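The numbers here are math on the coordinates, done by the rules we state, and not lab data. Because the structure is a prediction, the values reported are computed rather than measured. Because the Cβ atoms are built from the backbone with ideal geometry, glycine has one as well, and the counts that use them run over all protein chains shown.
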Amino acid sequence: MSQKRRYRTHRRYRRKRSKKKNNTTTIILIAIVAVFVISFFGYRRYVQYKNEAQVEMVQQERNDFVKKVAPYAMELGKQYGVLPSITIAQAILESDWGNSTLASKYNNYFGIKGENPNNTKVLQTKEYTNGQWTTINGRFRVYSDFRESMKDHTKLLVDGTTWNPQQYKQVLQSKNYIDAAVALQTDGYATDPGYTSKIIRIIQKYNLKKYDEGIK
């Protein structure tokens, strides 16, 4: 075989090797891209599934909380005239769905304070004073059962304070949850300037108005 022919043969062989190498590289790149795409979309699906599961779990916990307090709120409503929707919404807001330390450890769902060291616990709390939120130490009642705190809360609205027995008279006279929520603010129940809107929003979002129908 002549040298020229051998050179052509070698050149064709090099082209084949180069082409084969390029094909292999392309296949590897495609495989890498495919793995990345599958992993990316698989991870997105996993995150979506995890978020959906968390949302469902939170919603179930909130439904369970309402089912827990609603029957006694209706019983108190029939006995004392406080709208159950107001009682339930305040319990939700004040106790963070029963998850606050005061609620989960001491069954105090409404931040009810006391003075007797034998049945109270000193905890930090936030209050809105002079146009800003401040953290203070407060002495709060300790209950053996959440129903006790619900009854104390209702009796507070009915009996008023030691300095004004008629303080929450407007709350008791309200015929619907909106008027009652407004009255809570005007009667001085809470220092939070957004308290009324928060209570109304909770009642509307979780359809708590339906529990008021049961006491009429």
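As a rough guide to protection, the peptides 102-110, 59-67, 74-82, 185-193 ranked by mean Cβ packing within 10 Å, highest first, stand as 102-110, 74-82, 185-193, 59-67. For segment 88-216, averaging the sequence separation of C-alpha pairs within contact (under 8 Å, six or more residues apart) and dividing by the residue count gives a relative contact order of 19 percent.
The phi torsions of segment 84-98, fed into the Karplus equation with coefficients 6.51, -1.76 and 1.60 and a -60° offset, translate into couplings of x, 4, 5, 4, 5, 4, 5, 4, 4, 5, 6, 9, 6, 6, x Hz, rounded to whole numbers, with Gly and Pro shown as x.
Taking amide H positions as modeled 1.01 Å from N, with prolines and chain starts lacking one, the residues under 5 Å from PHE140 and 5 or more places away or on another chain are GLY114, LYS121, VAL122, LEU123. A simple rule links phi to the HN-Hα coupling: the Karplus curve 6.51 cos²θ - 1.76 cosθ + 1.60 with θ = phi - 60°, which for segment 60-65 gives 5, 4, 5, 4, 5, 5 Hz, with x for Gly and Pro.
When you count the other C-beta atoms within 10 angstrom of each residue and take the mean per peptide, 88-94, 178-184 line up highest first as 88-94, 178-184. Could you sort out which of LYS68/LYS209; LYS169/LYS205; LYS175/LYS210; LYS121/LYS155; LYS78/LYS151 sit more than 18 Å apart by Cα distance in this structure? Pairs exceeding 18 Å: LYS169/LYS205; LYS121/LYS155.
Working note: Cα gyration tensor of segment 71-216, eigenvalues times five, square-rooted, sorted largest first, giving semi-axes of 23, 18, 16 Å.
Taking amide hydrogens as placed 1.01 Å from N in the peptide plane, the amide H of ASP212 sits under 5 Å from those of SER85, each at least 5 positions away in sequence or on another chain.
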